[in-house]
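Peer 1: Here's a structure for you.
The values are calculated or read from the model by the stated rules, or taken from the named source; none is laboratory data. Please read these numbers as outputs of a predicted model, since none were measured by experiment. We place every Cβ from the backbone using ideal geometry, glycine too, and count neighbours over all the protein chains shown.
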Amino acid sequence: MDGFDGVHGGYRFGERNVEGRMLLEFCDEKDLCVANTWFKKKRKVTFSAGGNQSEIDFVLVDKNSRKFLRDVKVIPGELQHCLVVADIDTKKLRKVVRRVAVERRMVWKLKEEEARAKFEERVEELVSVDTPDMWSCFKEGVLKAREEVCGKKKGRRDRGDTWWWNEEV
């Protein structure tokens, strides 16, 4: 509609003003659409005062999410502004569950005498007391030794994302 295909559905109340054009330009720039304009309705007025009526309240949705809309309606009330409600088809929505791979350092290996001795030996090799930036050298040496001796484990926690979760909980 007037160069805003995919943004404006064609159903509107009254004439478009400067602010309306700015809203359409914003939606076009951000890949949004004005959901109110995609449904033919008798009642489109969202604001009335002093005998003047206009459609100034809108529901904006992502263009890709427009397919989930079932209806957008205006619910009249006693106030100047009317409530605008969007009905969404929840059957079409997929619940997205993302399982994050947790990367853990296996520092529990340092409880073993052999691993602890190897770690201490490696730290002594990597850390130098003669360097001007001793703290950085110490930090990098300990981290590198930990990586070499202990290693890391990638995996996901199926039972929850907390350390205290176990079979008893």
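Peer 1: Output the residues belonging to region 63-113 that are touching an Asp or Glu at 6+ places or on another chain (Cβ under 8 Å) and among the acidic types (Asp, Glu).
Peer 2: Residues satisfying the conditions are ASP71, ASP87.
Peer 1: Being over 17 Å from PHE39 (Cα atoms), of a type in the set (A, V, I, L, M, F, W, C) and exposed (fewer than 13 other Cβ atoms within 10 Å of the Cβ) is true for just one of VAL85, VAL100, VAL123. Which residue is that?
Peer 2: Going through VAL85, VAL100, VAL123 in turn, the sole match is VAL100.
Peer 1: Just a yes or no: is a residue in region 98-118 free of Cβ contacts under 8 Å to residues at least 24 places away in the same chain, in a helix (DSSP H, G or I) and among the small types (Gly, Ala, Ser)?
Peer 2: Among the residues of region 98-118, at least one is free of Cβ contacts under 8 Å to residues at least 24 places away in the same chain, in a helix (DSSP H, G or I) and among the small types (Gly, Ala, Ser), which makes the answer yes.
Peer 1: Among all residue pairs at least 6 apart or on different chains, which show Cβ distances below 8 Å where the first residue, located in region 128-154, is within 11 Å of VAL107 (Cα to Cα) and in contact (Cβ under 8 Å) with a residue 24 or more places away in the chain and the second is among the β-branched types (Val, Ile, Thr) and surrounded by fewer than 15 Cβ atoms within 10 Å (Cβ to Cβ)?
Peer 2: ARG146/VAL107; CYS150/VAL107
Peer 1: Report yes if some residue within region 40-50 is farther than 23 Å from ASP89 by Cα, part of a strand (DSSP E or B) and at pLDDT 70 or above; otherwise report no.
Peer 2: Yes, the conditions are met somewhere in region 40-50.
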